[in-house]
Amino acid sequence: MKPKDDQLFSRVSAWQGLEPWGRVLDAGTGNHSLSWILRLKTEQWTAVTGDPSRSAEMRQTFGGQLRGGDRLVVGNWSDPSFLQGERYDVVIADYLVGAIEGFAPYYQDQILGRLKPLVGRALYVVGLEPFDDHAQDEGGRLILEIARLRDACILLAGHRCYREFPLQWMLRHLDAAGFEVERHEAVPILYGSSFIQSQLGVARRKLPLMADRALARAMELHIDALERRALEFINRCGRIRFGSDYVIKATPR
């Protein structure tokens, strides 16, 4: 889930300061992170996705903006030969650790060590602090309902959910992988209508893949009802403050 990427990327830019970006690796790319990288003064960038269909869509969107050395590549970080021997001034891991569950399950404890040889000067990690099991107010409870319904539909379609890891887990594993954490910050999240529609859109796209068609129809009704309730709440009370993202800057030790 990416409700506050602009604020997060603005922190990355501020922490980079006047240091040149040089060669940049977007280790888990998406439209939003690549759009941001295209606005930076880089020498060259490589953007990685594990999904061939996503790569094809992104080539349609960004193909005209690629320079001679820029690359949009498909690969899996669990493959030891992938990008072997390459090195980048800056590596961006934007929600990468959470997303790995869909492509290389149970590899999260190795990904930071896997990236380390590729990091020349700085690694920036962006992540979502896992949600608490309970919320104290109606808005938070709606966010939890949306997240649980989305994940239920993903699982019923036979796919894997993202698995987010907390800031303290990330700090421990960065240290174990040989990084020095220079700074980190938690950023509170404000959820609006776009988050509600995008996440329930994910749930809807899984419905045709469910084997039990009666269950799929019932889930569709549930999605519609929850969307109405959540959007009505947003219209009445404004955006929902719940949970936090985090940003980390680390350097190879």
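What follows draws every value from the coordinates through simple rules; no lab data is involved. Predicted, not measured: the structure shown is a model, and the values here were computed from it. Methodologically, a virtual Cβ is constructed for each residue, glycine included, from the backbone with ideal geometry; neighbour enumeration extends over all protein chains shown.
Helix 167-176 against the longest principal axis of the chain: what's the angle in degrees, Cα atoms only, rounded to the nearest 10?
Taking Cα atoms only, the helix is inclined about 30 degrees.
Using Stokes-Einstein with the Kirkwood hydrodynamic radius over Cα pairs, what translational diffusion coefficient do you get for segment 144-226 at 37 °C and a viscosity of 0.692 mPa s, in µm²/s rounded to a whole number?
217 µm²/s
I need the per residue convex hull volume for segment 1-114, using only the alpha carbons, in cubic angstrom as a whole number.
Convex hull volume per residue, Cα atoms: 114 Å³.
Against the longest principal axis of the chain, how steep is helix 213-237, in degrees 0 to 90 to the nearest 10, with axes from Cα atoms?
Taking the Cα atoms of the chain, the angle to 213-237 is about 80 degrees.
Out of the trypsin sites (Lys or Arg not before Pro) in segment 1-59, which ones are loop residues according to DSSP with at most 10 other C-beta atoms within 10 Å?
Answer in residue order: Arg39, Lys41.
Taking only DSSP H segments of four or more residues, each worth -39500 (n - 2.57), what value at 222 nm results for the chain once the sum is divided by all its residues, to the nearest 500 deg cm²/dmol?
Rounded to the nearest 500, the figure is -13500 deg cm²/dmol.
Please rank Ser35, Ser55, fewest neighbouring Cβ atoms within 10 Å first, as an exposure proxy.
In order of increasing Cβ crowding within 10 Å: Ser35, Ser55.
To the nearest 20 debye, what charge dipole does the chain have about its Cα centre, counting +1 at the Cβ of each Lys and Arg and -1 at the Cβ of each Asp and Glu? Write out the running numbers ahead of the final one.
Values: 33 positive and 32 negative charges, 88 e Å.
Value, rounded to 20: 420 debye.
Given a 10 angstrom Cα cut-off, can you work out which residue in Trp15, Trp169, Trp77 is the most mobile in a GNM of the chain?
Trp169
Provide Val181, Val24 in ascending order of the number of other Cβ atoms located within 10 Å of each residue's Cβ, fewest first.
Numbers: Val181 16, Val24 20.
Placing the least packed residue first, the sequence is Val181, Val24.
Above 32 angstrom, tally the Cα pairs of the chain and express them as a % of all pairs, no decimals. Don't skip to the end; give the middle numbers.
Numbers: 7912 of 31878 pairs.
That fraction is 25 percent.
If each residue of separation counts as 0.36 nm, what is the full-extension length gain between Phe82 and His32 once their alpha-carbon separation is subtracted?
Additional length available on full extension: 15.7 nm.
Cα extents of segment 101-183 along the three principal axes, largest first, in whole Å?
43, 32, 17
With r as the distance between the Cβ atoms of Ser194 and Leu221 and R0 = 25 Å, compute the FRET efficiency 1/(1 + (r/R0)^6) and round to 0.05.
With a Förster radius of 25 Å, E is 0.65.
What ³J(HN,Hα) values, in whole Hz, does the Karplus curve 6.51 cos²θ - 1.76 cosθ + 1.60 give for segment 24-34 when θ = phi - 60°, with x put for Gly and Pro?
My calculation for segment 24-34 gives 10, 10, 9, 6, x, 7, x, 4, 6, 5, 5 Hz in order.
Out of segment 85-121, which chymotrypsin sites (Phe, Trp or Tyr not before Pro) are coil in DSSP terms and have no more than 10 other C-beta atoms within 10 Å?
Filter output for segment 85-121: Tyr106.
How do Phe165, Phe195 line up, fewest other C-beta atoms within 10 Å first?
If I rank by nearby Cβ atoms, fewest first, I get Phe165, Phe195.
Using only the alpha carbons, work out the radius of gyration and Dmax of segment 40-107 in angstrom.
12.8, 36
Once you have the Cα-Cα distance between Glu101 and Gln65, take 0.36 nm times their residue separation minus that, and quote the gain in nm to one decimal.
10.0 nm
Taking a quarter of the surface of the convex hull around the Cα atoms of segment 55-196, what do you get in nm²? Spell out each step's value before the answer.
Values: hull surface 44.1 nm².
For segment 55-196, the mean projected area of the Cα convex hull comes to 11.0 nm².
List the residues of segment 86-129 whose backbone N lies under 15 Å from a point placed 7 Å from the Cα of Val187 along the Cα-to-Cβ direction.
What the label zone holds, given the 15 Å backbone N cut-off, is 92-96, 124-129.
Assuming a strict under-22 Å limit between Cα atoms, what lysine pair count do you get for the chain once near-sequence pairs (fewer than 8 apart, same chain) are dropped?
On the way: Lys2/Lys206; Lys2/Lys249; Lys4/Lys249; Lys41/Lys249; Lys116/Lys249.
For the chain, the number of qualifying lysine pairs is 5.
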